[in-house]
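Below: one structure, written as structure tokens.
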Amino acid sequence: SAAETLSLAALILFFLGIFVSQFAANWLAT
Amino acid sequence: QPEVYGTIAAAEFGRREWRRALEAAERGLAFDAEHVTCNNLRAMALVRLGRKSEAGATMDATLARDPHDSVSHANMGWTKLEQGERKEAMAHFREALRIDPGNGWARSGLVEAIKAGNPVYAIMLKYFLWMGKLSSRTMWMIVLGGYVAYRFLRQLAADPRWTPWVIPLIIAYVGFVLLSWLAAPLFDLALFLHPMGKHALDDDARTRAALVGGALGLALVAGGLSFVVSDSYQLVILALVSGVLSIPLSAIHVCAEGWPRRAMAGIAGALAAVGFSAWIGL
């Protein structure tokens, strides 16, 4: 269903976001 | 004005330019050989450059001149810790905190010394000190180099003859990276749950331990329940989401107070929202 596809997309976005956030953290860290 | 050279040395130290920090500190000491800030920064730069015995001698002389300086005691503690003399390091950190209970440099040193009492952590502490000594450019090279090696190994894994060798290597590398991200907050968590260790953590470390502990605790409960309950893929997803969420949560208190910390907290909050709504949706 559309809701399921959306949720899967959100899950993938979440894991990609975790990866990107590590780069952001490296840059923001003192 | 030796104080100006001390400030320059502190700035270069903050930029991980150890050699320049040493030069600035020594230029300041040329005007006033007993200047406490310059002597402290000279010792800190010497430790980072691997010249530990010179750093120890500098701190011995500085402490002999002014035995009631909290920063000097903290610095002596860090020098001793770097030399592997944990008991002496702890004595200096305690003295530094007795003179100035608000000395964060001494408090973090005391925490590291308590952690170093654990032989597993002693190895990791050496690793973190080594990581801390790398310049920011080298740290980026390691991250990018690891990624390139990972891509290469994945290609190698496509060949069936290599597959049994490559998969464990990739798992070990991913595990290594995950542990290097979470080792510090995990040991903060262990200190947090320790009756004595709790007092050695500052407010930031305590908050970080609580955040990471909460996320990992939820992951453990959900993961544990997934073995008991049948048809439990929702619980597996919840365990994955909250477990992985501990990584950005642990990064919040590594960022400086003010906008960098608020930005990192915002990123972690947004990721939590996306992750948990995906879980609810599924």
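Just so you know, all these numbers are worked out from the coordinates, no wet-lab data involved. Quick caveat: nothing in here was measured; it's all calculated off a predicted structure. Because the Cβ atoms are built from the backbone with ideal geometry, glycine has one as well, and the counts that use them run over all protein chains shown.
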**Q.** Value at 222 nm in deg cm²/dmol, rounded to 500, when DSSP H runs of n ≥ 4 in chain B each add -39,500 (n - 2.57)
**A.** -27500 deg cm²/dmol
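If we count every other residue with Cβ under 15 angstrom of B:LEU41's Cβ, Lys/Arg +1 and Asp/Glu -1, where does the sum land?
Result for the local shell: -1.
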Q) Residue farthest toward the positive end of the dipole of chain B, with Cβ of Lys/Arg at +1 and Asp/Glu at -1: which of B:ALA33, B:ALA172, B:PHE93? A) B:ALA172
Q.
Between helix B:119-133 and chain B, what is the angle of the helix's C-alpha long axis to the longest principal axis, kept within 0 to 90° and rounded to the nearest 10?
A. 70
Q: Averaging sequence separations of C-alpha pairs under 8 Å and six or more residues apart, then dividing by the length of chain B, give the relative contact order as a whole percent.
A: 9
Q: Can you tell me the dipole magnitude for the stretch B:67-107 around its Cα centre, using point charges on the Cβ only (Lys, Arg +1; Asp, Glu -1), in Debye to the nearest 20?
A: 180
Q. Taking every residue in A:9-20, how many Cβ atoms of other protein chains lie within 10 Å of its Cβ, on average?
A. 6
Q: Report the full-extension gain for the segment B:ALA263 to B:LYS52: residue separation times 0.36 nm, less the Cα-Cα distance, to one decimal in nm.
A: 72.2 nm
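Relative to the Cα centre, what is the charge dipole magnitude of the stretch B:12-85, using +1 at the beta carbon of each Lys and Arg, -1 at the beta carbon of each Asp and Glu, and rounding to the nearest 20 debye?
Result for the stretch B:12-85 is approximately 340 debye, rounded to the nearest 20.
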Q: Enumerate lysine pairs in chain B that are 8 or more residues apart or on different chains, then count those whose Cα atoms are under 20 Å apart.
A: 13
**Q.** Cα centre as origin, Lys/Arg/Asp/Glu Cβ charges: the protein assembly as shown dipole, Debye
**A.** 600
(Q) Given the options B:GLN234, B:GLN1, B:THR207, identify the residue whose Cα lies farthest towards the positive end of the charge dipole of chain B (+1 on Cβ of Lys, Arg; -1 on Cβ of Asp, Glu). (A) B:GLN234
Q: Please report the relative contact order for the stretch B:28-68, taking Cα pairs under 8 Å with a sequence separation of at least 6, and give it as a percent rounded to a whole number.
A: 35
Q | Centre separation in Å (Cα based) which lies between the stretch B:201-274 and chain A | A | 13
Q | Residue-averaged beta-carbon neighbours from other chains (10 angstrom radius) around B:233-241 | A | 1
Q: Go ahead and set up a Gaussian network model of chain B, Cα springs under 10 Å, then flag whichever of B:ARG20, B:ARG48, B:ARG154 fluctuates most.
A: B:ARG154
**Q.** the stretch B:1-64: relative contact order as a whole-number percent, Cα under 8 Å and 6+ apart
**A.** 31
